[in-house]
Amino acid sequence: MRTILFILLLFVPVCQTNAAKLPYKNARLPVGERVDDLLARMTIEEKVAQIVGWWHWDERTIRSEGKMFTKEFYAEIAPHGLGEIGSINLSIEEDLQHYRVTQDYFMNHTRLGIPVIRHGEAAHGLMRLEATTFPAPIALSCGWNPELVEKIYNHVGREARSRGILHILSPIIDVTRELRWGRVDETLGEDPFLVSRLGAAMVRGLQGSPDGVIPSTHVAATLKHFAGYAATEGGRNRSPYKYGPRLLLDTEIYTFRHVIGVAKPASIMPAFNEIDGLPCHVNRWLLTDILRGELGFKGLVVADYQGISRVRAYQKIGADDADAARMALNAGLQLELPNPFGFKFLPQLIADKKIDPALVDQAVRAVLNLKFQLGIFENPSLDLKTAKDLPLSQKAGVLALESARQSIVLLKNKDGILPLDPNTKQRIAVIGPNADVCRLGAYSGTPHKTVSILDGIRSHLGDDAQVTYAQGCIFAHNDTKDSYKNWRYVNTVEFATCKENQPLIDEAVKVASAADIVILALGENVLLGRESWSGQHIGDRSTLNLTKSQQNLARAVIATGKPIVLYLMHGKPINLGELTDQLPAILTGHYAGQETGTAAAEIIFGSVTPSGKLTVSWPRSAGQQPVFYNRHASSNIFPYLDMPLTPVFPFGYGLSYTTFAYKNLSLSSDTIRAGESINVSFDLSNTGSRSGTEIVQLYVSGENFPVARPQLELKAFTRVTMKPGETTTITLKIDAEDLYFHDASLQRVLPPGRYLVSVGGSSVNRTKPIALQTFRK
């Protein structure tokens, strides 16, 4: 009888005396007053419900069963309310249905009517069905274009909000230090200055403002992973951070300091790794002393998925699961995702006087504050037409194509083989496992359409062109050719052997032999580099080499004697070995998004001039690491017996179809003090025969300081588009704020010393430097 009565009552709005007059229901009151009023009315069960989430690991089953689209389901799992609902891969119509059902239940059928937040991922586009997919962050960063990045993520924020997804667990602003790591494609590169500028643009775009105010068309952003996640031992996911606290503060935490200061992200997510034995999720020094105290962060601290449970599983920290929750809350964690592993013990911990109830209130306050800021207590409706139009809009297509163009980097162009003449009648063979599929990378959505290299070339040249195709080899027997499915659903990878691939290689040789020129599309797919999250689902590699079958394919095609253009589609640097010298032209697009093939064809055939520059240095082998350009000079003294110190392709490197020259470098002052800035000016000339865009880079090299500085550091950059023969004066600014670092006492200082300032087209192609003296005020 009680069950029947409950179900009947479920569909009747909860009665609240004078509900309309309750202060927290009054949208005209300040957010702080509304939070105070609501918090005072909550039971401990209702409070804990707001600082935990719900998610189901088997999204295909729960989606097909349909229970997640019913109010009864949430009445059973969340009778006291809920903080957030995790990411489930849904269509647009399913998203809107899910939003309506969940908001109806939580706002009309729980005691206090607190709405729930549905969160999602948006590393390079909304990770959903029918969503626009842009270049992966490692590709997007090669454009060095914060203005374009902000426009892209502004659109992403709109797509998410139109589908009722209000909180985005992106962007990643980890500084890449280990290239064996499977998540390199999700990062923005190896330089903290560049990562911080692009990361700030992502946050401004997602949140729709520069000051942290989130309009009704946009979403809350989450910076992650705090901190050191991309610099762990052996490049193995979730392993310990391997450097000291000073480098952590000046490199990994630097990016968070800048983005928090200039873009005001709504939330921060701790990393899985431990720092000096203490996991980030229970690290009070990191989450409170540094994040709150030194960086001044005011928002919500959200756990990574299973963050508290991993503390128990990996480091064996805490007396039991409840004790791990106590440590996390005391450290500064405020919202446990995706499910209540540890925070479910908070009521008992309070009863046992093992935690301060004020810490729970503080966490609840942070969650409620975000919900009020997002305006969801006013229960805004969604429009299906808007949600469907956004990913199909002209704006989405233009942004996807332009970002793909700017992402592609020309690594080699011997004898000017590129661009190819589209008007020359020639037989073109497009060969390789990445020729007839558009690889999107990890954490990708599923766009309405994608353009492969083969599709792009055929479309660009038209019906009269003679374009043939051969697959050449396959990566794995269970390669779905869908990046999301490869990332999410494929566990143990069934790699194809060289013997199994030999017939495909033989066929490719026949196709190449009959052609005048070959476009060879090689690299990786997500199965060769992705997030490792279980023993059956791994993605870190001990090598950066092409797979053996791809090496065999490349050598066989080279042996035909045909001219070859290599196009690489991948997530992290590829070690080509001797193939680098044997191939006349090499392009890298990384994972360039849904318009990959269109942009690649435009660059190969010269309607677009390549402008991308690398944002990670490419080592000669995995064993040459670390090879990032901004390491300390003492690591750069003795080479290995079997290879030089230099990378194959350095940070900031990228060729064009034209050339540029730098002259007349000057500084507006040869001294700088705290709070000041100086201008750096120089003349830039396009010395080639084509229009082109140069990515100008400004570097400093510190000396005469109390502690060693990196051998080189990026401190400014800009994109300059010029006509052939044109010369222009460029002025960049160095802020004293960007010259600070932490001393031996871990104090952030700008002591007396000297920086050598230079400019150029890469980290190795620079002008003669000019000295800049630093002084305390």
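Given the residues R183, R177, which is the only one that is touching a Pro at 6+ places or on another chain (Cβ under 7 Å) and basic (K, R)?
Values: R183 fails: touching a Pro at 6+ places or on another chain (Cβ under 7 Å).
Every option except R177 fails the conditions.
Suppose the filter is among the polar types (S, T, N, Q) and at pLDDT 95 or above; does N369 pass it?
yes
Looking only at region 723-751, count every residue that is outside any strand (DSSP E or B), open to solvent by 40 Å² or more (accessible area, probe 1.4 Å) and acidic (D, E) and tell me the total.
2
Could you please give the count of residues in region 244-256 that are touching a residue at least 40 places away in the same chain (Cβ under 8 Å) and open to solvent by 20 Å² or more (accessible area, probe 1.4 Å)?
4
On the basis of being of a type in the set (V, I, T), in contact with a helix residue (DSSP H, G or I) (Cβ under 8 Å, 6 or more places away or on another chain) and assigned to a loop (DSSP other than H, G, I, E, B), does V616 make the cut?
yes
For region 39-71, which residues satisfy the criterion of being of a type in the set (A, V, I, L, M, F, W, C) and in a helix (DSSP H, G or I)?
L39, A40, I44, V48, A49, I62, M68, F69
Provide a single number: the residues in region 310-336 that are surrounded by fewer than 24 Cβ atoms within 10 Å (Cβ to Cβ), of a type outside the set (K, R) and touching a residue at least 60 places away in the same chain (Cβ under 8 Å).
Residues meeting the conditions: 1.
Go through region 566-586 and give me each residue that's surrounded by fewer than 24 Cβ atoms within 10 Å (Cβ to Cβ) and outside any loop (DSSP other than H, G, I, E, B).
L568, N575, L579, T580, D581, Q582 - these are the residues of region 566-586 that are surrounded by fewer than 24 Cβ atoms within 10 Å (Cβ to Cβ) and outside any loop (DSSP other than H, G, I, E, B).
So which of S634, S685 ends up being at negative phi, among the hydroxyl-bearing types (S, T, Y) and open to solvent by 40 Å² or more (accessible area, probe 1.4 Å)?
It is S634.
I'd like the full set of residues that are within 30 Å of the chain's Cα centre (by Cα) and not in a strand (DSSP E or B), limited to region 752-777.
Hits for region 752-777 are G761, S762, S763, V764, N765.
From the list Y484, Y489, pick out the single residue that is touching a strand residue (DSSP E or B) at 6+ places or on another chain (Cβ under 8 Å), in contact (Cβ under 8 Å) with a residue 60 or more places away in the chain, closer than 18 Å to Y443 by Cβ and open to solvent by less than 60 Å² (accessible area, probe 1.4 Å). Working first, answer last.
Working: Y489 fails: touching a strand residue (DSSP E or B) at 6+ places or on another chain (Cβ under 8 Å).
None of the others qualify; the one that does is Y484.
To keep it simple, each residue is scored yes or no on (1) on the phi < 0 side of the Ramachandran plot; (2) modelled with pLDDT of 95 or more; (3) surrounded by fewer than 17 Cβ atoms within 10 Å (Cβ to Cβ).
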position	(1), (2), (3)
I4	yes, no, yes
F11	yes, no, yes
Q16	yes, no, yes
Y24	yes, yes, no
L29	yes, yes, yes
V35	yes, yes, no
L38	yes, yes, no
R41	yes, yes, yes
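From (1) in contact with a Ser or Thr (Cβ under 9 Å, 6 or more places away or on another chain); (2) modelled with pLDDT under 95, pick out the condition that doesn't hold for W57.
Answer for W57: the failing condition is (1).
Scan region 212-243 residue by residue and report those that are open to solvent by 10 Å² or more (accessible area, probe 1.4 Å) and among the hydrophobic types (A, V, I, L, M, F, W, C).
Residues satisfying the conditions are V213, I214.
List pairs: first in region 636-665 and under 15 Å from T580 (Cβ atoms), second open to solvent by 30 Å² or more (accessible area, probe 1.4 Å), Cβ under 6 Å, 6+ apart or cross-chain?
As it stands, the answer is M643/R620; V648/R620; P650/V764; L655/N413, since those pairs meet every condition given.
Go through region 289-381 and tell me which helices (runs of 4 or more DSSP H), entirely inside it, have 2 or more residues that are among the aliphatic types (A, V, I, L, M) and under 24 Å from T102 (Cβ atoms).
Working: elements: 307-310, 321-331, 346-351, 357-373.
Qualifying helices (runs of 4 or more DSSP H): 357-373.
Could you figure out which of (1) over 33 Å from the mean Cα position of the chain (by Cα); (2) under 18 Å from G53 (Cβ atoms) isn't true of I376?
With (1) over 33 Å from the mean Cα position of the chain (by Cα); (2) under 18 Å from G53 (Cβ atoms) applied to I376, the lone miss is (1).
Restricting the search to region 79-106, which residues are farther than 15 Å from H119 by Cβ and aliphatic (A, V, I, L, M)?
I92, L96, V101, listed by residue number.
So the check is Cβ under 8 Å with 6+ separation or different chains; which pairs have a first residue in region 739-751 that's farther than 12 Å from Y254 by Cβ and a second one that's part of a loop (DSSP other than H, G, I, E, B) and of a type in the set (D, E)?
These pairs meet every condition: V749/D743; P751/D743.
Would a scan of region 261-282 turn up a residue that is part of a loop (DSSP other than H, G, I, E, B), touching a Lys or Arg at 6+ places or on another chain (Cβ under 9 Å), surrounded by fewer than 24 Cβ atoms within 10 Å (Cβ to Cβ) and in contact (Cβ under 8 Å) with a residue 60 or more places away in the chain?
yes
Kindly evaluate R530 against the criterion of being basic (K, R) and open to solvent by less than 30 Å² (accessible area, probe 1.4 Å).
When the stated conditions are applied, R530 passes them.
Go through (1) crowded, with 21+ Cβ neighbours inside 10 Å; (2) aliphatic (A, V, I, L, M); (3) without any contact (Cβ under 8 Å) to a residue 24 or more places away in the chain for A358 and report which single condition fails.
Every condition holds for A358 apart from (1).
Within region 119-158, can you find the residues that are of a type in the set (F, W, Y) and in contact with a Lys or Arg (Cβ under 7 Å, 6 or more places away or on another chain)?
At the first step, the residues of region 119-158 found to be of a type in the set (F, W, Y) are 134, 144, 153.
Matches in region 119-158: W144 only.
Answer yes or no as to whether S691 is farther than 19 Å from T615 by Cβ and open to solvent by less than 30 Å² (accessible area, probe 1.4 Å).
No, not satisfied.
I'm told S381 meets every condition in (1) loosely packed, with under 13 Cβ neighbours inside 10 Å; (2) modelled with pLDDT of 95 or more except one. Can you identify the failing condition by its number?
(2)
Of all residues in region 587-604, which are part of a loop (DSSP other than H, G, I, E, B) and open to solvent by 10 Å² or more (accessible area, probe 1.4 Å)?
Hits for region 587-604 are Q594, E595.
For region 533-559, which positions are farther than 24 Å from A600 by Cα, open to solvent by 10 Å² or more (accessible area, probe 1.4 Å) and in a loop (DSSP other than H, G, I, E, B)?
W533, G535, Q536, I538, D540, R541, S542, T543, A559
The values are calculated or read from the model by the stated rules, or taken from the named source; none is laboratory data. What you see is a predicted model, and the numbers here were worked out from it, not measured in a lab. When we count neighbours, we look across all protein chains shown, and the Cβ atoms used for this are built from the backbone with ideal geometry, even at glycine. For accessibility, only protein heavy atoms count, side chains too; no ligands or nucleic acids. Shrake-Rupley method; radii C 1.70, N 1.55, O 1.52, S 1.80 Å.
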